[in-house]
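Novice: Mind looking over this structure? Questions follow.
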Amino acid sequence: IAVRGADHVSVRRPNRRVFGYWHVRPVVRSGEHVRMHQLLGYVIAGWGHVHFAEAVAGLDRPPLRHSALTPYRETAQPVVDSIWVERLDGHTLQSVAPAAVSGTVAFVADAYQLPTIAPPAPWNRSRLVPSLLRWRLIPADGDPPLAWHVAADFRYRLEPQSAFSAVYAPGTYQNKPDRPGDYRYWLTPSFDSTSVPNGAYFVDVEATNISGGSGDDSIEITIANDLDR
C-alpha cells in the first residue's frame, strides 16, 4: 500500500516492512495497492538521485546489508582520512598534540566511502558512511595489539536521530549539493590513559563496508601518565 507525501512515497507491506523513496514527485495515491515495477514517481529536478530507505517493525535497516539489495555490490574502498586526539577542557573541546597523552582524552577519526556509482551533479561529490568503524591500540614495542573497540556499526541497523551526538563528533555535516559531507566519529569520547602502561602506541583505525572492503590508518601517541606531576 502506498502512502504519498509532498516529496516522497512510502510503500507498506503486510509483514511490517516499509520502503521509502525520497526526493520524488509522486504519481501514486495514498492507499493505492502498487505492483512490482510500478512507477511511483519522478526524481525532483536538482536532486539527481532517489534516497531509498527501509524500516522493519518501525526500526530503520541498512538497505545495503548482506543479501538485502541485490545484485548491487559496493566496490569502492572506505577511507580513514585522519585521526586525532582531543582533550575536554570545561565546555571547550581543544585539540592537543598527540605526542604525549595523559588523563582523559577523546580519540576522533574522519572516515568515509565514495559511492560505487557516482550520482550526477550537484551530488557527484557526495561521501557515504562506512558500515563498520573500529579502533585499537598497538604497542610500538612489538607487543600484541590490544582488543578492537567498535565506534560505529551500521551493518544491521541504523541509529536513531537521538544518538547522533554520541556517534558523530563536532564538525560533522551531511552531504549538500556541490559540497561533500564530513563524517567525524567518536572512536571514544573518554579514553583514560591510566588504563594502559606508559609507552608509545599506535591508534589503529579500520573502516569496513558491507562487502568487506576496508581502509585503515594510524597515528602514534605516547602515554605519559606522570606528565602532570
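The values are calculated or read from the model by the stated rules, or taken from the named source; none is laboratory data. All values reported here derive from a predicted model rather than from experimental measurement. Reconstructed Cβ throughout: ideal geometry from the backbone, glycine too, with neighbour counts over all protein chains shown. Note: areas computed on protein heavy atoms with side chains; ligands, DNA, RNA excluded. Shrake-Rupley method; radii C 1.70, N 1.55, O 1.52, S 1.80 Å.
Novice: Looking at Gly142, Gly171, can you tell me which residue is out of contact with any Ser or Thr (no Cβ under 7 Å at 6 or more places or on another chain), over 28 Å from Glu74 (Cα atoms) and open to solvent by less than 70 Å² (accessible area, probe 1.4 Å)?
Specialist: Gly142
Novice: Right, here's the next one. Would you point out the residue of the range 145-159, among those that are out of contact with any Ser or Thr (no Cβ under 8 Å at 6 or more places or on another chain) and within 24 Å of Trp84 (Cβ to Cβ), that is surrounded by the most Cβ atoms within 10 Å (Cβ to Cβ)?
Specialist: Checking each candidate, the answer is Ala152.
Novice: Okay, next question. What pairs can you find where one residue is in the range 45-70 and free of Cβ contacts under 8 Å to residues at least 60 places away in the same chain and closer than 22 Å to Ser162 by Cβ, the other is in a loop (DSSP other than H, G, I, E, B) and open to solvent by less than 60 Å² (accessible area, probe 1.4 Å), and their Cβ atoms are less than 6 Å apart, with a gap of 6+ or different chains?
Specialist: What qualifies is His51/His23; Glu54/Pro63.
Novice: Checking the conditions here, which among Arg13, Arg61, Arg35 is in contact with a Lys or Arg (Cβ under 7 Å, 6 or more places away or on another chain) and basic (Lys, Arg)?
Specialist: Numbers: Arg13 fails: in contact with a Lys or Arg (Cβ under 7 Å, 6 or more places away or on another chain); Arg35 fails: in contact with a Lys or Arg (Cβ under 7 Å, 6 or more places away or on another chain).
Matching residue, one of Arg13, Arg61, Arg35: Arg61.
Novice: Can you report the number of residues in the range 193-213 which are within 20 Å of Tyr168 (Cα to Cα) and surrounded by fewer than 17 Cβ atoms within 10 Å (Cβ to Cβ)?
Specialist: Residues that pass the stated criteria total 0.
Novice: The conditions are (1) of a type outside the set (Lys, Arg); (2) over 19 Å from the mean Cα position of the chain (by Cα); (3) surrounded by 15 or more Cβ atoms within 10 Å (Cβ to Cβ), and Ala100 fails exactly one of them. Which is it?
Specialist: (3)
Novice: Considering only residues that are within 30 Å of the chain's Cα centre (by Cα) and of a type in the set (A, V, I, L, M), which ones fall in the range 1-49?
Specialist: Ala2, Val3, Ala6, Val9, Val11, Val18, Val24, Leu40, Val43, Ile44, Ala45
Novice: Which residues, taken from the range 106-123, are in a loop (DSSP other than H, G, I, E, B) and touching a residue at least 12 places away in the same chain (Cβ under 8 Å)?
Specialist: Scanning the range 106-123 gives Leu114, Pro115, Thr116, Pro119, Pro120, Ala121, Pro122, Trp123.
Novice: Checking the structure you have, find out if any residue of the range 178-192 is within 25 Å of Val43 (Cα to Cα), loosely packed, with under 13 Cβ neighbours inside 10 Å and at pLDDT below 95.
Specialist: Yes.
Novice: Looking at Arg125 and the list (1) open to solvent by 70 Å² or more (accessible area, probe 1.4 Å); (2) within 18 Å of Ala76 (Cα to Cα); (3) touching a Ser or Thr at 6+ places or on another chain (Cβ under 7 Å); (4) not polar (S, T, N, Q), which single condition is not satisfied?
Specialist: Every listed condition holds for Arg125 apart from (3).
Novice: Further, regarding this structure: Tell me which residues, restricted to the range 124-160, are assigned to a loop (DSSP other than H, G, I, E, B) and aliphatic (A, V, I, L, M).
Specialist: Here is the first cut: in the range 124-160, the residues assigned to a loop (DSSP other than H, G, I, E, B) are 124-127, 129-131, 140-148, 154-160.
Passing the criteria: Val129, Ala140, Leu146, Ala147, Leu158.
Novice: Tell me, which residue of the range 89-105 that is in a loop (DSSP other than H, G, I, E, B) and in contact with a helix residue (DSSP H, G or I) (Cβ under 7 Å, 6 or more places away or on another chain) is nearest to Asp226 (Cα to Cα)?
Specialist: Selected residue: Ser102.
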